[in-house]
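Novice: Input: one structure, supplied below.
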Amino acid sequence: MILHAVYATYQTEKGHNRARMIYDYLTRDYMQPINLEAVFRIGPEEHTGISDFIEEWRQFLLDTTGDQAATLLLEACLYQDDLDHLVETAHVGYKQHPILYLNACAQLLEREAFSMCETVGLSALNVLPENLIIRGEIANLTRAAAAKLAHQDIVDQCYKAAFQSESTLTNFFNLCHLPESKENIQAVATYVTQLPEQEVFDRDNNHQQWKTNDLSQKNKDILHFFSGKFDDIYEQCQTDKEPLGWGHDLKEVVVPLFILLLNQDNNLSKVQQLLSSRIIYQLEYKDTAENFLADVALWKHHVTIEKEAVNRYISWLKEEVDKKTETIVGEGHRKSYDKAALLIAALAETLVSHGLINSKDTLLDHYKQVHSRKTAFKRECDALK
């Protein structure tokens, strides 16, 4: 029915009014997405003046706010597979639809037009607001194109721009590739502190292209940790007296991070991978556990910890793991036995790397003895040896 109404409107109306009426039909809440090809296939008579309509449609959408208009505008630009048209529209319409720059860069990168992608991306970085998340996404696409062209200075520029506009952990780790990475890492704590607090609910689904860089308090704390503010995060966790996993969720992710940080063994272990796979979703890290560990290994080259602090953190980790094990295993939470065993094994590997115990089995066997009647828990421990 809607397609027939669109067809009738196309045939009987002209200019701005035709574009407005068709837009109203296509953006009704109950509508399934309809593309231009479907519109032009419907009806008993051939559609005439398509090129003129596309230009009218484009001009109307350039003046219309919202993501729906931007999506339809992208479709109009690509209807005749004209990338130049999309790039031109992005240059003209970015103040209303910054996502057009993202679409243009993505299309150019996909078609291996690396030089043009780099040029368009740099234009976007220069004109878009620095706090716009989509600018960070554009920076990463531009970086990919610049890397193909071996333009290292632009790659480095894009690393900085990506984190500035979209302060994710992945973009943070990319700062570790910069020549002055230690200084950039240390500056992160100050930068993220100034970012606005993330809203719990985002109800404006039609203006996602205008979302700005913000962070939850938990994500700010995590980035403080990675920026080297270990003592600050340690002290913050000290205020949470609940057993690990039953209190403040920051401690639930920070304890594994400290275990990974303090592990001096450069060899990737199964236990480290399992531990990482458990926490990366809490960190909102979008890649694999293996790549996370590779990022952590690179990052560790750029942070330093005093020996006294290492000893203090290790003592605290032993206490936290002991409390978690007693709560889970001692109270018979069978579904979480694997979590307790994994933390014990990960801590054991860190202790071995500091020469504090002879082998991982030493700590696992200790807890097996403490909870000798918990057969299921002992099986979980044995699986990690």
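Each reported figure results from applying straightforward, stated rules to the coordinates on display, with no laboratory input. Keep in mind that this is a model prediction, so the values were computed, not measured. We place every Cβ from the backbone using ideal geometry, glycine too, and count neighbours over all the protein chains shown.
Novice: Which whole-number percent is the relative contact order of the chain (Cα, under 8 Å, 6+ apart)?
Specialist: Values: 444 pairs, mean separation 36.2, N = 385.
Relative contact order for the chain comes out at 9 percent.
Novice: Can I ask one more? Tell me, what ³J(HN,Hα) does each residue in the range 325-334 have, in order and in whole Hz, if you take phi through Karplus 6.51 cos²θ - 1.76 cosθ + 1.60 with θ = phi - 60° and put x for Gly and Pro?
Specialist: Residue by residue, the range 325-334 yields 4, 5, 5, 6, 7, x, 9, x, 7, 4 Hz.
Novice: Out of SER181, ALA346, THR327, whose Cα points farthest toward the positive end of the dipole of the chain (charges: +1 Lys, Arg; -1 Asp, Glu; placed on Cβ)?
Specialist: It is THR327, whose Cα lies furthest towards the positive end.
Novice: So how far apart, in nm, are the two label points at LYS160 and VAL310 if each is 7 Å from Cα heading toward Cβ?
Specialist: Result: 3.3 nm between the two label points.
Novice: Binned at 20 Å from 0, what are the whole-percent values of the Cα-Cα distance distribution for the chain, short to long?
Specialist: Cα pair-distance distribution for the chain, in percent: 24, 41, 26, 9, 0.
Novice: The chain: longest stretch without exposed chymotrypsin sites (Phe, Trp or Tyr not before Pro) (DSSP loop, at most 15 other Cβ within 10 Å), sites themselves excluded?
Specialist: The answer is 31-200.
Novice: Further question: What 222 nm value per residue comes from the helices of the chain, counting each DSSP H run with n ≥ 4 as -39,500 (n - 2.57) and dividing by all residues, nearest 500 deg cm²/dmol? Intermediate values should be presented prior to the final figure.
Specialist: Numbers: 21 runs with 251 residues, N = 385.
About -20000 deg cm²/dmol.
Novice: Taking a quarter of the surface of the Cα convex hull of the range 1-197, what do you get in nm²?
Specialist: Quarter of the Cα hull surface area: 12.8 nm².
Novice: I've got another one for you. Out of VAL192, ASN131, PHE226, whose Cα points farthest toward the positive end of the dipole of the chain (charges: +1 Lys, Arg; -1 Asp, Glu; placed on Cβ)?
Specialist: PHE226
Novice: Right, next: Using the 10 angstrom Cβ neighbour count as an exposure proxy, how do CYS381, CYS237, CYS105 rank, fewest first? Could you put the intermediate results ahead of the total?
Specialist: Details: CYS381 25, CYS237 20, CYS105 29.
So the residues, fewest neighbours to most, are CYS237, CYS381, CYS105.
Novice: Say each of GLU197 and ALA150 gets a label point 7 Å from the Cα, pointing the same way as Cα to Cβ; how far apart are those two points in nm?
Specialist: Calculated label separation equals 5.1 nm.
Novice: If you don't mind, another one. Please give the charge dipole size of the chain, origin at the Cα centre, charges +1 on K and R Cβ atoms and -1 on D and E Cβ atoms. Round to the nearest 20 debye.
Specialist: Working: 39 positive and 57 negative charges, 329 e Å.
Using only the charged Cβ atoms, the result is roughly 1580 debye.
Novice: Along the Cα→Cβ direction, 7 angstrom out, place labels at ASN206 and GLU235. What is the inter-label distance in nm?
Specialist: 4.9
Novice: Moving on. Need the full-extension length gain, ASN267 to GLU46, defined as separation in residues times 0.36 nm minus the C-alpha distance. One decimal, nm.
Specialist: On the way: separation 221, 0.36 × 221 = 79.56 nm, distance 6.72 nm.
In short, 72.8 nm is gained.
Novice: Could you work out the relative contact order of the range 1-197, using alpha carbon pairs under 8 angstrom and six or more residues apart, expressed as a whole percent?
Specialist: Dividing the mean separation by the residue count of the range 1-197 yields 11 percent.
Novice: Charges at C-beta only: +1 for Lys and Arg, -1 for Asp and Glu. How large is the resulting dipole of the range 1-197 about its Cα centre, in Debye rounded to 20?
Specialist: 280
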